[in-house]
Amino acid sequence: MKRLLHSNSWRVLKRNNKKVLTLMVVMALVFLSGCSTSQPPDKAAAVELKLAHFFPSTHPAENELVQPWAKAIEEATNGQVKITSYPSNTLLPADAVYDGVVDGIADIGLSCFSYTGGRFPVLEVFELPGITYNNSKVASKVAWEGIKQLNPKEVQDTKLMMVFTTGPGDLFTKVPVQNLKDIQGLDIRATGLSAVTLKALGANPVAMPQSDAYEALSKGVVKGNLSPIEVLQGWKHAEVTSNLTLTPFLYNTLFFVTMNLDKWDSLTPDVQKAIEKVNEEYFENVAMGLWDKQNEAALKYAVDEKGMKVITLPQDEADRWIALVKPIQDDYVAKMNEKGLEGQEALDLVKELSEKYNQEYK
């Protein structure tokens, strides 16, 4: 009898233990299910990035590049990366954008390298006069490919997304400039390297921001400007000048889009790969030709609506201009040598790439 009772008790105990074990398993599954519902592993919190630049909110740099590029990155990363643009110097002034990205004030920045004089000595090679660029596609290709090959230390403290350029700048003047004689002593608005270039040609460079040039031209304070053709329409300079001398070897301005290095390193490899794919697509399809679109529209406006006269220098005349600005290239190489940098290597590379891409993008 005792053996029977003992046997029955054992069966009851086993049955109860199985119920307890089953209950524990069910509770664990419910707990795990609740955790996965609240935060699925493939739905990590979005990374919010601030982008600083100086262009107005109506400029093509904002509407045709920054905004579509930011949207494409959000889509490519399944919403894991979201970019908010701060145009018109609202987050950082133009000359503080790069260092602001380094310091984390902005996560991403768009500006000009030349706005921080001396900060990027190697990259000055892409803005030297005496190198002919047919258009902004050529100049942008040369710069982006050249930077990848040179890999200068001065831009290693951020993650470069892309670079692009205005492409060639031209002379628009109140009086015709058909040769070197016409430019001697002519007051022309210019700043930075452009001022050095014009002085080498015998002109009288007058420093002022682009925003002051219209009034100065209208009052005759200056007789011309050296800038991308888009200024003729965007800044209305076709209203106060009547001649355009094509000088595709005098001017180029290099822009960057770059990201804080710590922020970039915090992203997963898959997200980084997705962003880099978008970067290359937008460089090729939008950024490298952004200024060409503006220049073409402005030239049509200036000629068709304002009657501007376009002057093309004969090749022998152009060669004389190029010879006069060559010492600026030599000075660049000498300064690089003093810094222990390969200035001649950089200059030779730019000349080689410009010849290559001038043939491709005519």
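Out of Lys236, Lys277, Lys309, I need the residue that is among the charged types (D, E, K, R) and surrounded by 14 or more Cβ atoms within 10 Å (Cβ to Cβ). Which one?
Checking each option against the conditions leaves just Lys236.
When you go through (1) modelled with pLDDT of 95 or more; (2) assigned to a loop (DSSP other than H, G, I, E, B) one by one for Pro41, which number turns out not to apply?
The one condition Pro41 does not meet is (1).
Looking only at segment 108-153, count every residue that is farther than 17 Å from Leu353 by Cβ, of a type in the set (Phe, Trp, Tyr) and either at pLDDT below 95 or part of a helix (DSSP H, G or I) (or both) and tell me the total.
Summing the residues that are farther than 17 Å from Leu353 by Cβ, of a type in the set (Phe, Trp, Tyr) and either at pLDDT below 95 or part of a helix (DSSP H, G or I) (or both) in segment 108-153 gives 2.
Please work out which residue is nearest to Ser140 (Cα to Cα), limiting yourself to segment 300-314 and to residues that are assigned to a helix (DSSP H, G or I) and of a type outside the set (A, V, I, L, M, F, W, C).
This residue is Lys300.
Can you name every residue in segment 58-87 that is hydroxyl-bearing (Ser, Thr, Tyr) and either in contact with an Asp or Glu (Cβ under 8 Å, 6 or more places away or on another chain) or modelled with pLDDT under 95 (or both)?
Thr58, Thr84, Ser85
Got a sec? Which of Ala297, Ala323, Ala346, Ala334 is at pLDDT 95 or above and buried (at least 17 other Cβ atoms within 10 Å of the Cβ)?
Only one candidate passes the filter, namely Ala346.
Limited to segment 178-204, what total is found for residues that are touching a residue at least 60 places away in the same chain (Cβ under 8 Å) and either more than 25 Å from Asp330 (Cβ to Cβ) or among the basic types (Lys, Arg) (or both)?
The qualifying residues number 1.
For segment 182-198, give me each residue that is modelled with pLDDT under 95, assigned to a loop (DSSP other than H, G, I, E, B) and not hydrophobic (A, V, I, L, M, F, W, C).
Residue satisfying the conditions is Thr191 alone.
Asp304 versus (1) surrounded by fewer than 17 Cβ atoms within 10 Å (Cβ to Cβ); (2) under 25 Å from the mean Cα position of the chain (by Cα); (3) over 20 Å from Phe249 (Cβ atoms): which is the lone unmet condition?
Unmet for Asp304, out of (1) surrounded by fewer than 17 Cβ atoms within 10 Å (Cβ to Cβ); (2) under 25 Å from the mean Cα position of the chain (by Cα); (3) over 20 Å from Phe249 (Cβ atoms): (2).
Suppose we filter segment 315-362 for residues that are within 23 Å of the chain's Cα centre (by Cα) and outside any helix (DSSP H, G or I); how many remain?
2
For the structure I just gave you, tell me whether Val271 is assigned to a helix (DSSP H, G or I), within 20 Å of the chain's Cα centre (by Cα) and more than 21 Å from Arg189 (Cα to Cα).
Spelling it out, it is not the case that Val271 is assigned to a helix (DSSP H, G or I), within 20 Å of the chain's Cα centre (by Cα) and more than 21 Å from Arg189 (Cα to Cα).
Among the residues of segment 66-95, count how many are part of a helix (DSSP H, G or I), surrounded by 20 or more Cβ atoms within 10 Å (Cβ to Cβ) and more than 14 Å from the chain's Cα centre (by Cα).
Adding up the residues that qualify gives 1.
What is the one condition in (1) closer than 25 Å to Ala45 by Cβ; (2) hydrophobic (A, V, I, L, M, F, W, C); (3) touching a strand residue (DSSP E or B) at 6+ places or on another chain (Cβ under 8 Å) that Ala94 does not satisfy?
Of everything listed in (1) closer than 25 Å to Ala45 by Cβ; (2) hydrophobic (A, V, I, L, M, F, W, C); (3) touching a strand residue (DSSP E or B) at 6+ places or on another chain (Cβ under 8 Å), Ala94 misses just condition (1).
Looking at segment 122-152, which of its residues are surrounded by fewer than 24 Cβ atoms within 10 Å (Cβ to Cβ), of a type in the set (A, V, I, L, M) and within 20 Å of Glu360 (Cα to Cα)?
Ile147
Spot the failing condition for Gly169; the list is (1) touching a Pro at 6+ places or on another chain (Cβ under 7 Å); (2) among the small types (Gly, Ala, Ser); (3) on the phi > 0 side of the Ramachandran plot, and only one is missed.
Only one criterion in (1) touching a Pro at 6+ places or on another chain (Cβ under 7 Å); (2) among the small types (Gly, Ala, Ser); (3) on the phi > 0 side of the Ramachandran plot is unmet by Gly169, namely (3).
List every residue pair whose Cβ atoms sit under 6 Å apart, with the two residues 6 or more apart in sequence or on different chains, where the first one lies in segment 249-266 and is in contact (Cβ under 8 Å) with a residue 60 or more places away in the chain and the second, anywhere, is among the aromatic types (Phe, Trp, Tyr) and assigned to a strand (DSSP E or B).
Once the first residue is in contact (Cβ under 8 Å) with a residue 60 or more places away in the chain and sits in segment 249-266, its partners that are among the aromatic types (Phe, Trp, Tyr) and assigned to a strand (DSSP E or B) give Phe255/Phe164.
So that you can scan it fast, the table gives a plain yes or no per residue for (1) in contact with a helix residue (DSSP H, G or I) (Cβ under 9 Å, 6 or more places away or on another chain); (2) more than 30 Å from Gly100 (Cα to Cα):
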position: Gln156; (1), (2): yes, no
position: Leu186; (1), (2): yes, yes
position: Ala200; (1), (2): yes, yes
position: Asp212; (1), (2): no, no
position: Gly224; (1), (2): yes, yes
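Filter segment 99-133 down to residues that are farther than 21 Å from Ala287 by Cα and acidic (Asp, Glu), then give me how many there are.
Summing the residues that are farther than 21 Å from Ala287 by Cα and acidic (Asp, Glu) in segment 99-133 gives 2.
Name, by its number, the condition in (1) modelled with pLDDT of 95 or more; (2) under 18 Å from the mean Cα position of the chain (by Cα); (3) surrounded by fewer than 19 Cβ atoms within 10 Å (Cβ to Cβ) that does not hold for Asp262.
In the conditions (1) modelled with pLDDT of 95 or more; (2) under 18 Å from the mean Cα position of the chain (by Cα); (3) surrounded by fewer than 19 Cβ atoms within 10 Å (Cβ to Cβ), Asp262 misses (2) alone.
The values are calculated or read from the model by the stated rules, or taken from the named source; none is laboratory data. Just so you know, these numbers come straight off a predicted model, no measurement behind them. Please note: Cβ atoms are built from the backbone with ideal geometry, for glycine as well, and neighbour counts cover all protein chains shown.
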